[in-house]
1. Tell me the residue from Asp104, Asp121 that is among the acidic types (Asp, Glu), over 23 Å from Thr2 (Cα atoms) and in contact with a strand residue (DSSP E or B) (Cβ under 8 Å, 6 or more places away or on another chain), please.
2. Go through region 93-115 and count every residue that is on the phi < 0 side of the Ramachandran plot and surrounded by fewer than 17 Cβ atoms within 10 Å (Cβ to Cβ).
3. Pull up region 81-112, narrow it to residues that are under 14 Å from the mean Cα position of the chain (by Cα) and of a type in the set (A, V, I, L, M), then point me to the one that is farthest from Phe144 (Cα to Cα).
4. Keeping to region 135-161, report how many residues are touching a helix residue (DSSP H, G or I) at 6+ places or on another chain (Cβ under 7 Å) and buried (at least 16 other Cβ atoms within 10 Å of the Cβ).
5. Given the criteria in contact (Cβ under 8 Å) with a residue 40 or more places away in the chain and assigned to a helix (DSSP H, G or I), does Ile19 qualify?
6. Mind checking whether some residue in region 35-53 is outside any strand (DSSP E or B), buried (at least 21 other Cβ atoms within 10 Å of the Cβ), touching a strand residue (DSSP E or B) at 6+ places or on another chain (Cβ under 9 Å) and on the phi < 0 side of the Ramachandran plot?
7. Within region 67-146, which helices (runs of 4 or more DSSP H) (wholly inside it) include 3 or more residues that are at pLDDT 90 or above and assigned by TED's automatic domain parsing to the domain that holds Lys54?
8. State whether the residues of region 20-30 include one that is farther than 28 Å from Ser106 by Cα, at pLDDT 95 or above, crowded, with 21+ Cβ neighbours inside 10 Å and not assigned by TED's automatic domain parsing to the domain that holds Leu116.
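The values are calculated or read from the model by the stated rules, or taken from the named source; none is laboratory data. Bear in mind that the values here come from a model prediction, so they are computed numbers and not experimental data. Cβ coordinates were reconstructed from backbone atoms using ideal geometry, including for glycine residues, and neighbour counts include every protein chain displayed.
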Amino acid sequence: MTAIVYESNTGFTERYAKILSEKTGVPVYPLNEAKKKIPKGEDIVFLGWVFANKIKGLDKAVKLWKISAVGAVGMNPRSDKNTEILREANKPECPLFYMWGGLDNSKLKGMNKFMLNLVRDSLEKENKPEYADAIKVFREGGDFVSEEYLQELVAFILMKM
């Protein structure tokens, strides 16, 4: 395993990547820096933030390196269903691990902010009780980063080393 490479928007994925590096001893780089430092074809773990079920940065990383595992960080709670949705939308050719990240409204900009507000407004209009938690996170934000969510990915990396 050469490195952990990540793409982060509001900092949750970056935090997971750095914790993962601490737990495994594998160096960590943001995607733009990794392009300059890691030779093409090297074996990496990629972490990316999720927006509209797409793992941001994954397409770029796949073109540059051999991806041994993908970590997806999103604001939906962890579940087999959410992981399967991500697997279907992104089609990684390696294990996929999902970590619950969070939402920091103060760091959102442009189209991302606009789209999240549209989703929130749509959920509010539907007024279904099962959307209450999601609406609260959309409105107030939330930080759900936990080392617990990295346990399986840490074990995978240590096994591969």
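1. Asp104
2. 13
3. Ala89
4. Qualifying residue count for the region: 8.
5. It is true that Ile19 is in contact (Cβ under 8 Å) with a residue 40 or more places away in the chain and assigned to a helix (DSSP H, G or I).
6. Looking through region 35-53, none of the residues is outside any strand (DSSP E or B), buried (at least 21 other Cβ atoms within 10 Å of the Cβ), touching a strand residue (DSSP E or B) at 6+ places or on another chain (Cβ under 9 Å) and on the phi < 0 side of the Ramachandran plot.
7. Counting at least 3 such residues, we get 80-90.
8. yes
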